[in-house]
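Engineer: Structure incoming, see below.
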Ligand code: FES
Ligand code: FES
């Protein structure tokens, strides 16, 4: 067993974990954060996407011990004070989900994309989401939601100051 300490959604967490434990199972089973989904066993669906030190990562491709000392953000950390995060609100407004299974991963991947400062053309957003699969929506509403949220978030916090803690 290895002892790890990391910050998850702004809260410091410490645990003893097996070295083979994947980050996604640490989040879901050790911490009970079941918003991060597991949709495949081939690292291809992106349902497990979280942010690790601000970068979107498929948490089924990373060991919990590799997250030692990092800051992890999951879907549970986005809403504040009962208010949806602007990206969650945009998914709601633009019907960016149907069954919702891919949605936590889509939102975290979208957030990583927005906070990276990436371009927000249709092509750029689709390229940024190429690691995330949705069986329901056809993607266009997801792309629209991310573009809309990016516009609002970048207006509120221009040029590289997104993602700071409040
Ligand atoms: S569970 Fe499918 S990519 Fe991680
Ligand atoms: S909304 Fe069903 S998989 Fe994306």
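Engineer: Just to check your reading of the model, which residue among 97, 27, 51, 87 is assigned to a strand (DSSP E or B) and either on the phi < 0 side of the Ramachandran plot or within 16 Å of ligand 2 (Cβ to nearest atom) (or both)? Let's see the steps before the verdict.
Structural biologist: On the way: 97 fails: assigned to a strand (DSSP E or B); 27 fails: assigned to a strand (DSSP E or B); 87 fails: assigned to a strand (DSSP E or B).
After ruling out the rest, the residue left standing is 51.
Engineer: Please find, within segment 137-151, the residue that is nearest to residue 42 (Cα to Cα) out of those that are more than 18 Å from the chain's Cα centre (by Cα) and either within 16 Å of ligand 1 (Cβ to nearest atom) or surrounded by 14 or more Cβ atoms within 10 Å (Cβ to Cβ) (or both). Reasoning before the result, please.
Structural biologist: If we filter segment 137-151 for residues that are more than 18 Å from the chain's Cα centre (by Cα), which is where we start, we get 137-138, 140, 151.
Adding the requirement that they be either within 16 Å of ligand 1 (Cβ to nearest atom) or surrounded by 14 or more Cβ atoms within 10 Å (Cβ to Cβ) (or both) leaves 137, 151.
Values: 137: 22, 151: 33 Å.
In this case the residue turns out to be 137.
Engineer: Something else about it: Condition (residue is within 16 Å of ligand 1 (Cβ to nearest atom), touching a residue at least 24 places away in the same chain (Cβ under 8 Å) and surrounded by 19 or more Cβ atoms within 10 Å (Cβ to Cβ)) applied to segment 78-101: is it met by at least one residue?
Structural biologist: So in segment 78-101, the residues within 16 Å of ligand 1 (Cβ to nearest atom) come out as 99-101.
Restricting the remaining residues to those that are touching a residue at least 24 places away in the same chain (Cβ under 8 Å) gives 99, 101.
From what's left, surrounded by 19 or more Cβ atoms within 10 Å (Cβ to Cβ): none.
No, segment 78-101 contains no residue that is within 16 Å of ligand 1 (Cβ to nearest atom), touching a residue at least 24 places away in the same chain (Cβ under 8 Å) and surrounded by 19 or more Cβ atoms within 10 Å (Cβ to Cβ).
Engineer: Scan segment 17-40 residue by residue and report those that are more than 7 Å from ligand 1 (Cβ to nearest atom), without any contact (Cβ under 8 Å) to a residue 60 or more places away in the chain and under 15 Å from residue 102 (Cα atoms).
Structural biologist: Across segment 17-40, the qualifying residue is only 34.
Engineer: Something else about it: Looking at segment 102-135 only, could you name the residues that are within 16 Å of ligand 1 (Cβ to nearest atom), part of a loop (DSSP other than H, G, I, E, B) and surrounded by 14 or more Cβ atoms within 10 Å (Cβ to Cβ)? Quick ask: steps written out before the conclusion?
Structural biologist: Taking segment 102-135 and keeping what is within 16 Å of ligand 1 (Cβ to nearest atom), we get 102-110, 112, 128-135.
Adding the requirement that they be part of a loop (DSSP other than H, G, I, E, B) leaves 102, 129-135.
If the condition is that a residue be within 16 Å of ligand 1 (Cβ to nearest atom), part of a loop (DSSP other than H, G, I, E, B) and surrounded by 14 or more Cβ atoms within 10 Å (Cβ to Cβ), then 102, 129, 131, 132, 133, 134 are the ones that fit.
Engineer: Kindly indicate the residue of segment 56-77 that is touching a helix residue (DSSP H, G or I) at 6+ places or on another chain (Cβ under 6 Å) and within 18 Å of residue 128 (Cβ to Cβ) and also farthest from ligand 1 (Cβ to nearest atom) among those meeting that condition.
Structural biologist: Residue satisfying both the conditions and the ranking: 75.
Engineer: Mind checking whether some residue in segment 110-121 is touching a residue at least 12 places away in the same chain (Cβ under 8 Å) and within 16 Å of ligand 2 (Cβ to nearest atom)?
Structural biologist: yes
Engineer: What pairs come out if I take residues in segment 59-76 that are surrounded by 16 or more Cβ atoms within 10 Å (Cβ to Cβ) and pair them with residues that are modelled with pLDDT under 95 whose C-beta lies under 9 Å away, six or more apart or interchain?
Structural biologist: Close Cβ pairs satisfying both conditions: 60/41; 73/163.
Engineer: Quick check on this structure: which one of 35, 39, 69 is at positive phi and assigned to a loop (DSSP other than H, G, I, E, B)? Talk me through it step by step, then tell me what you get.
Structural biologist: Values: 35 fails: at positive phi; 39 fails: at positive phi.
Criteria check complete, one pass: 69.
The values are calculated or read from the model by the stated rules, or taken from the named source; none is laboratory data. Keep in mind that this is a model prediction, so the values were computed, not measured. Note: ideal-geometry Cβ built from the backbone for every residue, glycine included; neighbour counts use all protein chains shown.
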